[in-house]
Ligand SMILES: *Cc1c(COP(=O)(O)O)cnc(C)c1O
C-alpha cells in the first residue's frame, strides 16, 4: 500500500527522541520529571464541569450539531470578544466554532492554499502552521526569529517570488514557545503586508488569557483595518484547562470565516453541542479561575527562573504563556544541554531547535507540572547542575 507523499514530508514528532531516552531512564528505575509538555495539569473549573453535566442530559444535544457552531455559542463568543477586547464581530458571519483551535489552524490551509503555493510561518512555532501546508502539497517559507527583535517573526526580506505565491501569514502572540508578546506596531506591519500582497493573516491567540505581572494580551482585531485581512483563532484549552474538550472559535474576516466553514462542512459536523453549552458557561461565567491560574503559573515561572539563575542561566521573565524560554549555557547546543539535564537531573526540557533552526541555543520549560513535582525538578537542577 502506498500512502500519499505529503505524509512522508511531515516533520518528525518533536518529542520522539526525548521520549525514547525518558523510557530508557525509567526502565532503569529513575524517577523522571517532565517539564516538556504544554498541557495544563489543573482540572477544568467545577462550574464548567457542572454545566457539562446538565448539557449532556438535554436530548436536543444528542443530535447533529449546527455545523458552524450553535447560534448561542457563536453569540457567546462574539459577546466575549466585545467584553474582553472591545471588538465587534457578527456571530452569524464573522464567528465560527472550532473543534479546538488546532482544527481551525489545520483546515484553513484547505480553504486558501493550492498545491505548490506558500504559507509564511514563524521559524520557531506551532508545527501545525507548516504541517497544514505540507498536507496540502504546499510549501512553507519560514520567517526569521531572533532574541534581538523580541522573537517577532521578521516580515521584511521575504523573496518576491515567494510573496507572489503566498496565501497565508501565520503569527501568534503571546508566543509558544518563546513567551514573547507582540507590539501594536508589529500587528500593524503584519496587517499592512497582508493588505499589500493579498494574503490572509491568521493570528493564533491561544494564550491571550495567560498573562503575568498585570499583562493582558490584545486581539489583533483591535488594530485598524485588521478585519479586512485577518482572522483570529481562540481556544478554551489553556485559559480554562479544557485541552481535552476540544473547543475554540475563529473570528474576523467574513470571507475567510465562510471559506473555513465550507471546508469544515465537508470534513466534520461540528463539536458536540453539549460541549458548546459548557463552553458558553466558561466564557460567560465567573472569570476568577483565570486570575487564579495566572497567579499559579506566575509563581511557577518565578521558581523556574530562580533555579535557572542558580545554575548560571539568565533569562527574561515572560509576560505571558505557560513557558519559560531560556538560552542554554555557553558551550552547549540545545540538544546537548537537554541531554545533560535529563541524564544528570532526570528532568525533561524541550530543545529549542525542535521548533526550527532559529531555536538552536534555547530550551523551553513548561510550567504545567504540579507544584510539588516542579519544586523537586527545580531542586534537582540546582543540586546536580549548580
Ligand atoms: C495549545 C495551542 C493551540 C491549540 O490548542 P487547541 O487545544 O487545539 O485549541 C494553538 N496554538 C498554539 C500555539 C498552542 O500552543
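Read-outs throughout are calculated quantities, based only on the coordinates presented, and are distinct from any laboratory measurement. Since the structure is predicted, the reported quantities are computational estimates derived from the model, not experimental observations. Neighbour counts are summed over all protein chains in view; Cβ atoms, including those assigned to glycine, are modelled from backbone coordinates with ideal geometry.
Compute the acute angle (0 to 90°) between the alpha-carbon long axis of helix 71-85 and the principal axis of greatest extent of the alpha-carbon atoms of the chain; round to the nearest 10°.
In the chain, helix 71-85 runs at an angle near 60 degrees to the longest axis.
With contacts defined as alpha carbon pairs under 8 Å and 6 or more residues apart, what's the relative contact order of the range 130-247 in percent?
The normalised contact order for the range 130-247 reaches 20 percent.
With the chain treated as a Gaussian network of Cα nodes joined by springs under 10 Å, which of 107, 141, 30 yields the largest mean-square fluctuation?
30
Evaluate the relative contact order of the range 59-146 (contact order divided by residue number), counting alpha-carbon pairs under 8 angstrom at least 6 apart; express in whole percent.
This gives 22 percent for the range 59-146.
Can you tell me the Rg and the Dmax, both Å, for the Cα atoms in the chain?
Final numbers for Rg and Dmax: 20.9, 62 Å.
Listing 73, 297 from the residue with the fewest other Cβ atoms within 10 Å to the one with the most, what is the order?
Listed from fewest to most nearby Cβ atoms, that is 297, 73.
7 Å from Cα along Cα→Cβ at both residue 333 and residue 146: what's the point-to-point distance in nm?
Each label point lies 7 Å from its Cα, and together they span 2.2 nm.
Nearest 10 degrees, 0 to 90: what angle lies between the long axis of helix 273-284 and the longest principal axis of the chain (Cα atoms)?
For helix 273-284, the angle is close to 70 degrees.
Figure the gain on full extension for residue 309 and residue 8 (residue separation times 0.36 nm, minus the Cα-Cα span) and round it to one decimal in nm.
Gain in length upon complete extension: 104.2 nm.
Given the options 206, 335, 121, state which has the largest fluctuation in a GNM of the chain using a 10 Å cut-off (strictly under) for Cα springs.
Fluctuation is largest for 335.
Given an 8 Å cut-off on Cα distances and at least 6 residues of separation, report the relative contact order of the chain as a percent.
Dividing the mean separation by the residue count of the chain yields 24 percent.
Quick check on the range 165-283: of the DSSP beta bridges with both residues there, what percent are antiparallel, nearest 5%?
Bridges in the range 165-283 that DSSP calls antiparallel: roughly 40 percent.
Using the 10 angstrom Cβ neighbour count as an exposure proxy, how do 324, 162, 263 rank, fewest first?
Neighbour counts put them in this order, fewest first: 162, 263, 324.
What ranking, highest mean first, results for peptides 58-66, 33-41 when packing means the other Cβ atoms within 10 Å averaged over each residue?
33-41, 58-66
Can you compute the FRET efficiency between residue 82 and residue 299 using 1/(1 + (r/R0)^6), with r the Cβ-Cβ distance and R0 = 35 Å? Round to the nearest 0.05.
For R0 = 35 Å, the calculated efficiency reads 0.65.
Highest first, please rank the peptides 143-152, 278-287, 227-236 by the mean number of other Cβ atoms sitting within 10 Å of their residues.
227-236, 278-287, 143-152
Out of the DSSP beta bridges found with both residues in the chain, what percent are antiparallel (nearest 5)?
Among the beta bridges of the chain, antiparallel pairing accounts for roughly 50 percent.
When the Cα centres of the range 231-290 and the range 12-84 are compared, how far apart do they sit, in Å?
12 Å
With runs of 4+ DSSP H residues as the only contributors, calculate the mean residue ellipticity of the chain at 222 nm using -39,500 (n - 2.57) per run, divided by the residue total and rounded to the nearest 500.
So the calculated ellipticity at 222 nm is -12500 deg cm²/dmol.
If you line up the Cα atoms of the range 28-158 on their principal axes, what length do they span on each, largest first, in Å?
Taking max minus min along each principal axis of the Cα atoms, the range 28-158 gives 53, 53, 33 Å.
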